[in-house]
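> Dropping the structure in here first, questions after.
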Amino acid sequence: MKILQSLKTLYESFIDKLFPTDIKCLLCGRDLPDNNFFCEKCEEEDIYNEGPRCVKCDTMIKEGNLICDDCKNSHRYFEKCYCPLNYNAKVRSAILKFKDDNARYYAKPFAELIYNRIKDENLQIDFIMPVPSHKNVIKRRGYNPPELIAKELALIMHLPVKQALIKNVDTTAQKTLSYQERQDNLRDSITRDRKIDIKGKSILIVDDVITTCATVNACALLLQKSKVVYACAVARTTKDWRTPMTQSQEKK
Ligand SMILES: [Zn+2]
Ligand SMILES: [Zn+2]
């Protein structure tokens, strides 16, 4: 039986290699010749968050700098952010599809992209925690996008997913506020679930996009009893995206 099973697996992987099925570019839907995430055309469009980046929040910075002005000027309660993609128009449209058009199939490749970004960092994580969403938002959308990514990432990393925070207030309408206003509102809208033990734990927070760091910072602040908090997201905005940020640009 075992031999038959291995022969079948071997045959299937051989066929897969010969005739790759359903491998399409995540951004434009073009068929791909190999098992990649993006086609060559999309890869030319600055989709990867690479080059000089802030050691704290992973946003692009000027060559020679270590830390961005925002991280220099405001306290970050998380250790470091990891974001594989650059939140440009193409990436943004894929993420909005994932978040608002029920395109849940993005969760797996998004998690793989995040994993590729963090796998060599040697992070010792105890559990993965999606950014919490208010129950009305989950009801409206049918799912919590960061939670779908967190679950896929947890499968890859063989780690548990735990939700140590509760979002008590729907802050959807607060996207146009300044960093400080958002930070204050978020702080009041999230509480810690004391049933989840965080003392001495290393936690990896998962979000879809990191824009101002207000959300992950508010979460990390509430998780201060833990040992360390890292954050990751599919994409990171660059400075140009931050102002002005209107609701139509970033729906959450
Ligand atoms: Zn493409
Ligand atoms: Zn920074």
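> Anything in the stretch 191-210 that is in contact (Cβ under 8 Å) with a residue 40 or more places away in the chain and out of contact with any Pro (no Cβ under 8 Å at 6 or more places or on another chain)? List them, or say none. Can you show your working first?
So the first thing to find is which residues in the stretch 191-210 are in contact (Cβ under 8 Å) with a residue 40 or more places away in the chain, and the list is 201-210.
Selection gives Lys201, Ser202, Ile203, Leu204, Val209, Ile210.
> Continuing with the same structure: Determine whether Lys139 is over 16 Å from the mean Cα position of the chain (by Cα) and either free of Cβ contacts under 8 Å to residues at least 12 places away in the same chain or closer than 24 Å to Lys201 by Cβ (or both). Working first, answer last.
Numbers: over 16 Å from the mean Cα position of the chain (by Cα): yes; either free of Cβ contacts under 8 Å to residues at least 12 places away in the same chain or closer than 24 Å to Lys201 by Cβ (or both): yes.
Yes; evaluated as a whole, the condition is true for this residue.
> Looking for something among the β-branched types (Val, Ile, Thr), out of contact with any Leu (no Cβ under 7 Å at 6 or more places or on another chain) and closer than 29 Å to Tyr115 by Cβ - is there at least one such residue anywhere in the stretch 155-162? Explain how you work it out, then say what you get.
Kept after step one, since they are among the β-branched types (Val, Ile, Thr), are these residues of the stretch 155-162: 156, 161.
Next cut, out of contact with any Leu (no Cβ under 7 Å at 6 or more places or on another chain) only: 156, 161.
Narrowing the set further to residues that are closer than 29 Å to Tyr115 by Cβ leaves 156, 161.
Checked against the condition, which is being among the β-branched types (Val, Ile, Thr), out of contact with any Leu (no Cβ under 7 Å at 6 or more places or on another chain) and closer than 29 Å to Tyr115 by Cβ, the stretch 155-162 yields at least one hit.
> Tell me yes or no: at least one residue of the stretch 181-188 is part of a loop (DSSP other than H, G, I, E, B) and assigned by TED's automatic domain parsing to the domain that holds Arg104.
If we filter the stretch 181-188 for residues that are part of a loop (DSSP other than H, G, I, E, B), which is where we start, we get none.
Scanning the stretch 181-188 turns up no residue that is part of a loop (DSSP other than H, G, I, E, B) and assigned by TED's automatic domain parsing to the domain that holds Arg104.
> Would you confirm, using the coordinates I've provided, whether Ala94 is modelled with pLDDT of 95 or more, among the small types (Gly, Ala, Ser) and within 29 Å of Lys201 (Cα to Cα)?
On the way: modelled with pLDDT of 95 or more: yes; among the small types (Gly, Ala, Ser): yes; within 29 Å of Lys201 (Cα to Cα): no.
It is false that Ala94 is modelled with pLDDT of 95 or more, among the small types (Gly, Ala, Ser) and within 29 Å of Lys201 (Cα to Cα).
> Shifting gears a bit: Looking at Glu63, is it without any contact (Cβ under 8 Å) to a residue 60 or more places away in the chain, more than 18 Å from the chain's Cα centre (by Cα), within 16 Å of ligand 1 (Cβ to nearest atom) and surrounded by fewer than 19 Cβ atoms within 10 Å (Cβ to Cβ)? Break it down stepwise before answering.
Numbers: without any contact (Cβ under 8 Å) to a residue 60 or more places away in the chain: yes; more than 18 Å from the chain's Cα centre (by Cα): yes; within 16 Å of ligand 1 (Cβ to nearest atom): no; surrounded by fewer than 19 Cβ atoms within 10 Å (Cβ to Cβ): yes.
No; evaluated as a whole, the condition is false for this residue.
The values are calculated or read from the model by the stated rules, or taken from the named source; none is laboratory data. Predicted model only: the values in this text are computed from it and were never measured. All Cβ positions, even for glycine, are placed from backbone atoms using ideal geometry, and neighbour counts span all protein chains on display.
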